[in-house]
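Each value in this text was obtained by applying a stated rule to the coordinates, not by laboratory testing. It should be emphasised that the depicted structure is a prediction, and the values quoted were computed from it without experimental measurement. So basically every Cβ, Gly included, is an ideal-geometry build from the backbone, and we count neighbours across all protein chains shown.
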Amino acid sequence: MPLLPIDLQTLFTQLSHVGKEQAVQKEALPHAQSLQAAQLVQRAEARDAAVNETRQQDEGPEQVRDRKRRERRSREKPHARAESPRPVEADVVSDPALGRHVDLTG
């Protein structure tokens, strides 16, 4: 099928439209990517600016273990104090007439 001169004329007149169409298709992908990037930035800024509500932690196995340890330690501490020997004061002479308080002001 040979090309006639009228066909060439039609093709040349449409050539500018084809070029524009190709340019738009070529720019469509980067443009869509830049839009998505802008949306991601906006979402990240919104998350940063938002105040998060604190959540009540459920009682899990770690918290039960920690509570048991605290209870065990609190039960052991009073006994440990009572069982610990008092420091022995060696060779300390005390005079009831002098008292225990020392006046440093003069």
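Sorting 43-55, 17-29 by their mean Cβ neighbour count within 10 Å, with the most densely packed peptide first, gives 17-29, 43-55.
Semi-axes of the equivalent ellipsoid for the stretch 1-48, computed as √(5λ) from the eigenvalues of its C-alpha gyration tensor and ordered from largest down, come to 45, 7, 4 Å.
For ALA28 and THR54, the FRET efficiency from 1/(1 + (r/R0)^6), where r spans their Cβ atoms and R0 equals 41 Å, is about 0.40.
Here THR13, THR105 are placed in order of increasing Cβ neighbour count within 10 Å, fewest first, which gives THR105, THR13.
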